[in-house]
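Computed from the coordinates by the stated procedures, all read-outs in this text should not be read as laboratory data. None of the values given here were measured: they were computed from a predicted structure. Every residue, glycine as well, gets a Cβ built from its backbone with ideal geometry; the counts of neighbours run over all protein chains shown.
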Amino acid sequence: MSTTTVPLGRVASARSGDKGADANIGLWTDDERVFEVLREQVTPERVEAHFRALCRGGVERHELPNLKALNFLLHDALDGGGAASLRTDAQGKTLSLGLLQMTVEVPTELLG
């Protein structure tokens, strides 16, 4: 089976926001086979490494297979959160776009 390296944004969608000082990123797809790729490759360790400049408290992943979705909590990633931080994106709204830049290996047949 041949595979192709693509940014997550080619095969999935994402949305993010804040939970106090933590960021919350939802990642989903509409294809069951792509969801299995996400499960295998978008691990908490990879997400933590991807956001290593921001995330200081570790990453939790929650699976929602009925929605073909993963939810990531990035602990202590928002410099205290919207009420305390002077960051441009203190509520983590752009972190979903950052996650969609991460690359994954996808079977070429799934790329349509």
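Annotations for the structure displayed:
- Of the strands (runs of 3 or more DSSP E) lying entirely inside the stretch 1-92, those carrying at least 3 residues that are closer than 30 Å to E109 by Cα and more than 13 Å from the chain's Cα centre (by Cα) are 3-7.
- Taking the stretch 53-101 as the range and being small (G, A, S) and either surrounded by fewer than 14 Cβ atoms within 10 Å (Cβ to Cβ) or more than 21 Å from A12 (Cβ to Cβ) (or both) as the test, the residues that pass are A53, G57, G58, G80, G81, G82, A83, A84, S85, A90.
- Selection of first residues in the stretch 72-99 that are among the hydroxyl-bearing types (S, T, Y) and of second residues that are surrounded by 17 or more Cβ atoms within 10 Å (Cβ to Cβ), restricted to Cβ pairs under 8 Å at least 6 apart or on distinct chains, gives the following pairs, ordered by first then second residue: S85/L78; T94/S16; S96/A14; S96/S16; S96/I25; S96/G26; S96/L27.
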